Amino acid sequence: MGWLYQHAVKPALFRLDPEWAHEVGVDALALLGVIRPLCAVLERVNQLPPQLHRPVECCGLKFPNAVGLAAGFDKNGRAWRAAAALGFGHVEIGTVTLHAQDGNEKPRAFRYPTEEAIINRLGFNNAGAAALTERLAQLPGPGRRKIPLGINLGKSKVTSLDRATEDYLGSFRLLADLADYVAVNVSSPNTPGLRELQDAAWLQPLLAALVVENAARTAAGKVRRPLFLKIAPDLDFPQIDTVLQVIADLRLDGIIATNTTLARPASLAAVNEAGGLSGRPLQRRSTEIINYIARATSGRLPIIGVGGIMDEVSAGEKLDAGATLVQLYTGLIYRGPFFAAEIARALAQRQRQ
C-alpha cells in the first residue's frame with residue numbers, strides 16, 4: 001500500500017492545490033467512515049497483533065496505541081470515524097470555534113516537498129461549535145467509540161481577547177459532553193492576537209474558568225473531561241516555565257507540544273508565505289520542548305508530542321523525550337494513509353525490546 005500511495009496516489013494529489021487535496025482526503029475518509037464493514041476489515045488489518053498490544057493509559061483514558069491524528073485535518077468532525085481503520089489510537093478534531101468562520105483568504109496552504117513541510121495560514125476555517133455538536137450528537141459518544149476522540153477548541157476571529165474566555169466557555173459547554181478530552185488551542189499563528197493568550201495574564205483566567213466549568217460537570221452528574229493545553233514551539237524556555245506554572249497551579253491534565261512554527265529553516269529562508277510551518281523542519285524543536293517540559297515537571301505532566309514525525313525514529317524520539325502519546329498530520333500527507341499503523345507497530349515493537 002505504501003508503494004501504491006508513493007507512486008500513484010501521492011503524485012496525483014500533489015498536482016492539486018494543497019487545500020483541495022486536503023478536502024479530497026477528508027471526503028474519502030468521511031465516505032470510508034460510513035462503510036462500516038470495510039472499516040471493520042481495515043481495523044483488523046491495522047490493529048496491533050496481540051503480542052504487541054499494550055494500551056496506553058493517560059488521564060483516565062485508554063488508548064489502543066500511542067499514535068493519534070492531530071487537530072487540523074478534520075476540523076468539522078466529518079472523517080474521524082475512519083481513523084481507527086487507518087491504525088490511529090486516537091483522533092483530535094478541530095480546531096473548532098464558537099462562531100462559524102471561513103478562515104483566511106486563499107491560497108492559504110503551501111507544500112515544500114524537498115523539505116517534507118507545509119506552510120498553512122488557514123485561520124480556523126470551520127462550521128462552528130453548534131454545527132459540530134449537532135453532527136457528533138448523532139454518532140457514538142464517549143465510551144462507545146473504537147478510539148478516544150479529542151476536541152480542539154480555539155478562539156473565534158471576531159472575538160476580542162478580552163472576551164476570549166467567554167468564547168472558549170461557549171464552545172466547551174456545547175461540546176464537552178461529546179469529547180473524551182478537550183484541547184485548548186492558544187498557539188495557532190494564524191488568528192491575529194491568539195498567541196497572546198499564552199501570556200500568564202491572559203492564560204490564567206482563561207484556563208481557570210475552563211477548570212471551574214469542568215469541575216461543575218461533576219456536581220451536575222456529568223463526567224469531567226481531561227483538559228490539555230496546546231502550546232507553540234516558538235516560546236522560549238522562560239515562557240514555557242510560566243505556562244507550566246499556570247498549568248500546575250490549576251492542575252490541568254496535560255499539555256500538547258507543539259503547534260506549527262513561525263520560524264523558517266535556512267532552506268526555506270527565501271519563502272515569502274506567512275503562516276505556520278509543519279513537517280520535518282519542526283521535528284527537532286518540538287522534541288526539545290517535550291524534553292524540557294518532561295524534565296521541568298519530573299515526568300508528572302502527560303505530554304502529547306506533535307511536530308515533524310516523518311518516520312519511526314522521529315516518533316520514538318518524542319517518546320524518549322518524555323511524551324506519553326504522539327500525534328501526526330503532515331507525515332500522513334507525505335507518507336500515506338496507513339502511516340499511523342506503521343508507526344504504531346514500530347513503536348510497540350520498540351517498547352517490547
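Bear in mind these aren't lab numbers, they're just calculated from the coordinates by the rules spelled out. All values derive from a computational prediction rather than experimental measurement. When we count neighbours, we look across all protein chains shown, and the Cβ atoms used for this are built from the backbone with ideal geometry, even at glycine.
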Centroid-to-centroid separation of region 58-123 and region 33-55 [C-alpha atoms, Å]: 21
Simple spin-label estimate for THR114 and ARG36 in nanometres, 7 Å along Cα-Cβ: 5.0
Range in the chain, longest, excluding exposed trypsin sites (Lys or Arg not before Pro) [loop by DSSP; at most 12 other beta-carbon atoms within 10 Å]: 16-143
Quote the relative contact order of region 2-352 in percent (integer), defining contacts as alpha-carbon pairs under 8 Å separated by 6+ residues. 18
Would you list THR218, THR165, THR287 from fewest to most Cβ contacts within 10 Å? THR218, THR165, THR287
I need the semi-axes of the equivalent ellipsoid of the chain: take the C-alpha gyration tensor, multiply each eigenvalue by 5, square-root it, list largest first in whole angstrom. 27, 24, 22
Student exercise, region 115-252 dipole from Lys, Arg, Asp, Glu Cβ charges, in Debye to nearest 20: 760
Separation between the SER298 and ALA137 pseudo-spin-labels, each 7 Å from Cα along Cα→Cβ, expressed in nm? 4.5
Based on the Cβ-Cβ distance from ALA220 to ALA8, what FRET efficiency comes out when R0 is 51 Å, to the nearest 0.05? 0.45
May I ask you to compute the full-extension gain from ALA208 to GLU196, defined as 0.36 nm times their residue separation minus their alpha-carbon distance, rounded to one decimal in nm? 2.7 nm
Give me the count of lysine pairs in region 2-352 whose alpha carbons sit under 25 angstrom apart, restricted to pairs 8 or more positions apart or on different chains. 23
Suppose a student asked you for the relative contact order of region 83-140, using Cα pairs under 8 Å spaced at least 6 residues apart; what percent would you report? 36
So, relative contact order of region 292-353 in percent, Cα under 8 Å, 6 or more apart, is 31
State the extension gain, in nm to one decimal, for the chain segment bounded by LYS106 and VAL158, taking 0.36 nm per residue of separation less the distance between their alpha-carbons. 16.9 nm
Summed side-chain charge close to LEU277 - residues other than LEU277 whose Cβ falls under 15 Å, Lys, Arg +1, Asp, Glu -1: +4
